[in-house]
């Protein structure tokens with residue numbers, strides 16, 4: 001087998017005029033394309049974020065009934081909160097699902113552990129609960 005030798009790359013020395021011309025070309029490209037670049041980056045980020053959000057929502061829906069345990073509200077997932085009622089809260093559910101984070105096994109396990117400590121409440125019932133205007137019914141088996 002023939003062994004190929006790597007060619008040593010030599011760095012070309014550019015003249016001052018070439019450097020100025022390259023800088024002008026780069027500046028012109030940025031002026032013409034920067035807005036398009038930012039738009040494409042934003043679209044890509046939004047697409048990735050929406051994909052991650054859908055994966056997390058399916059993951060949560062497989063483990064929890066996504067409706068308020070007190071009033072039964074289930075119209076909008078964004079209006080539902082996770083109330084920790086037992087155990088020590090290590091991390092907020094939204095911190096796990098809201099970050100641009102990989103849908104990894106470690107994160108799934110962490111979220112699964114936190115979901116076991118939570119009940120689903122609509123935002124109104126959750127605020128009333130924290131303001132002591134409403135209590136969790138004993139028939140739900142929750143006590144604080």
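Before moving on, here are some points about what is shown:
- Against the conditions (1) loosely packed, with under 13 Cβ neighbours inside 10 Å; (2) under 22 Å from residue 95 (Cα atoms), residue 68 satisfies every one except (1).
- Flag if residue 17 is in a helix (DSSP H, G or I), modelled with pLDDT of 85 or more and on the phi < 0 side of the Ramachandran plot: yes
- Being within 29 Å of residue 105 (Cβ to Cβ), at pLDDT below 80 and in a helix (DSSP H, G or I) is a property that does not hold for residue 86.
- Evaluating residue 124 against the criteria (1) modelled with pLDDT of 75 or more; (2) within 30 Å of residue 44 (Cα to Cα); (3) surrounded by 13 or more Cβ atoms within 10 Å (Cβ to Cβ) leaves one unmet condition, (2).
- Residue 48 meets each of the listed conditions (1) farther than 30 Å from residue 125 by Cβ; (2) free of Cβ contacts under 8 Å to residues at least 24 places away in the same chain apart from (2).
- Of all positions in the stretch 71-82, at least one carries a residue that is in contact with a strand residue (DSSP E or B) (Cβ under 9 Å, 6 or more places away or on another chain), in contact (Cβ under 8 Å) with a residue 40 or more places away in the chain and part of a helix (DSSP H, G or I).
- Counting only residues that are within 25 Å of residue 110 (Cα to Cα) and in a loop (DSSP other than H, G, I, E, B), the stretch 33-70 holds 6 of them.
The values are calculated or read from the model by the stated rules, or taken from the named source; none is laboratory data. Everything quoted here is computed from the prediction, not taken from an experiment. Neighbour counts run over all protein chains shown; Cβ positions are idealised from the backbone, glycine included.
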